[in-house]
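Visitor: One structure is given below, represented as structure tokens, and several questions about it will come after.
The values are calculated or read from the model by the stated rules, or taken from the named source; none is laboratory data. Computed from a predicted structure; not experimentally measured. No Cβ is skipped: glycine too gets one built from the backbone with ideal geometry, and neighbour counts run over all protein chains shown. Ligands, DNA and RNA are excluded from the accessible area calculation, which covers all protein heavy atoms including side chains. Shrake-Rupley method; radii C 1.70, N 1.55, O 1.52, S 1.80 Å.
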Amino acid sequence: MVVAKIAPSLLSSDFACLAQECERMLALGADYLHMDVMDGHFVPNLTLGAPIIKCLRPHTKGFLDCHLMVSHPEQWVDDFASAGADLFCFHIEATEDAATLIDRIHAKGMKAGIAVKPKTPIDVVYPFASNLDQVLVMTVEPGFGGQAFMPECMQKVSDLRSKFPELDIQVDGGLDTENIAVAAKAGANVIVAGSSIFKAKSPGEVISLFRKTVDEAQTAM
């Protein structure tokens, strides 16, 4: 049985205090620190890159879960490894040789993940799943925070969970206290949430609720 891992998205944090925000999330119970990397090409937005990860690394022992929404992710493996990323998650839509890329990520000492957009069939990741540490099912179109959760993506999570019961399955996009049960029941165990955590009156309570909901769903499976 997989366990809950809660990953606040730092895209919703105060970037002027990024290190402090990371430590605040960890103190409130976060398992991962989700870093949204966007290049303005694969998605129509620019965020942070390897230099910021490198600056952040000395200030936190947190698990840096880097989601690269970029074209040609191959060119960034060395930079993110050197910067101190713990997990390098690339989009299956952005590469022509996922198997080789996964091997390169692992060779650099990082965990490897594949992300899929809402309209991408989940079976494209099946050939690689046994060599992956995580699969990210996007529940919004990648590129911007604050979008509405797309429940139709949950069938992909269910299909993935039924085939790979021990795989970490991450969901990202619009997750909140109203829909977390839907994601958990489908089989997601790694929960990315930005606005619903950072804008909450009690972020720690939201993190605890997410964890409890996921663990209860996994126990019931």
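Visitor: Considering only the range 160-185, how many residues are among the polar types (S, T, N, Q), within 15 Å of VAL206 (Cβ to Cβ) and within 15 Å of the chain's Cα centre (by Cα)?
Guide: 0
Visitor: Next up: Name every residue in the range 1-12 that is crowded, with 16+ Cβ neighbours inside 10 Å and closer than 19 Å to ASN189 by Cβ, in order of residue number.
Guide: Of everything in the range 1-12, those that are crowded, with 16+ Cβ neighbours inside 10 Å and closer than 19 Å to ASN189 by Cβ turn out to be VAL2, ALA4, LYS5, ILE6, ALA7, PRO8, SER9.
Visitor: Which of the numbered conditions does LYS119 fail, given that it passes all the others? Conditions: (1) surrounded by 15 or more Cβ atoms within 10 Å (Cβ to Cβ); (2) under 18 Å from the mean Cα position of the chain (by Cα).
Guide: (1)
Visitor: If I ask for residues that are of a type in the set (D, E, K, R) and out of contact with any Ser or Thr (no Cβ under 7 Å at 6 or more places or on another chain), which ones from the range 28-43 would you list?
Guide: Initially, the range 28-43 is screened for residues of a type in the set (D, E, K, R), giving 31, 36, 39.
Scanning the range 28-43 gives a single hit, ASP31.
Visitor: Test ALA107 against the stated conditions and say whether it is open to solvent by 40 Å² or more (accessible area, probe 1.4 Å), modelled with pLDDT of 95 or more, farther than 24 Å from THR139 by Cβ and in contact with a Phe, Trp or Tyr (Cβ under 8 Å, 6 or more places away or on another chain).
Guide: no
Visitor: Name the residue that is farthest from CYS22 (Cα to Cα), counting only residues in the range 62-84 that are open to solvent by 10 Å² or more (accessible area, probe 1.4 Å) and of a type in the set (Gly, Ala, Ser).
Guide: Once the filter is applied, the top-ranked residue is SER71.
Visitor: Quick one: which helices (runs of 4 or more DSSP H) lie wholly within the range 35-150 and hold at least 2 residues that are in contact with a strand residue (DSSP E or B) (Cβ under 6 Å, 6 or more places away or on another chain)?
Guide: 98-107
Visitor: Does the range 13-59 hold any residues that are surrounded by 19 or more Cβ atoms within 10 Å (Cβ to Cβ), of a type in the set (Gly, Ala, Ser) and in contact (Cβ under 8 Å) with a residue 60 or more places away in the chain, and which are they?
Guide: SER13, ALA30
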